[in-house]
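Chemist: First, the structure itself, so that you have it in front of you.
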Amino acid sequence: MAEMSVLVAYASKHGSTELIADAIGDALRRAGHDVDVRPVSDVRDLTRYGAAVVGSALYIGRWQGDALTFLRRHEASLAGMPVWFFSSGPLDDSAETAQLPAPKAVAEIAARIGARGHATFGGHLAPDARGFVEHFMIRGGRTGDWRNFERIEMWADAVAAELAREGVLGAAGREPTAGAVR
């Protein structure tokens, strides 16, 4: 396969999913891949990418609208490359104790494009978060941080290893750095 970048695209309302996307991008870079980490709203064209990881924060069990719009707009392009999805947001330890399914709309798109997998990671809600839903969650005592960056990096390392097996390399064709999974 030609040397192409990996896109890590995300939709994040308060920044938690962005930090997860950054961690995934860092793990892929350590494995030697050329990576762009960008909000889904900033991605217009996928022609320079050989693979994609797309994620969104979960709100009431659903992906953010701009993430779903991104998937629908780029469905044909995504179908032609290795793709993984991730969700972030359970404000409890459920993402650690069970393999949570993708939201229905995401699962349907994943089936159509042949996505390689989906992971759900715990979320984060700060006590000063603003928003209608957030207001009720904060009043209900649902603030905290359930993200597990070790688990996120292990998942990203597995994605990187699968990309390497398939010959998807970054533009520099770099060798993995120390500590990366091959």
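Chemist: Would you tally the net charge around Asp22, using a Cβ to Cβ cut-off of less than 13 Å, leaving Asp22 out, and scoring K and R as +1, D and E as -1?
Modeler: Charge balance in the 13 Å sphere: 0.
Chemist: Another question, then. Between Thr47 and Met154, what FRET efficiency follows from the Cβ-Cβ distance if R0 is 41 Å, with the result rounded to 0.05?
Modeler: Details: r = 30 Å, r/R0 = 0.74.
Taking R0 as 41 Å, the efficiency between Thr47 and Met154 is 0.85.
All of the numbers you see were taken from the coordinates with simple rules; none came from a lab. Just so it is clear, the structure is predicted and the values come from calculations on it, not from any experiment. For neighbour counting, all protein chains shown are included, and Cβ atoms are generated from backbone atoms with ideal geometry for every residue, glycine included.
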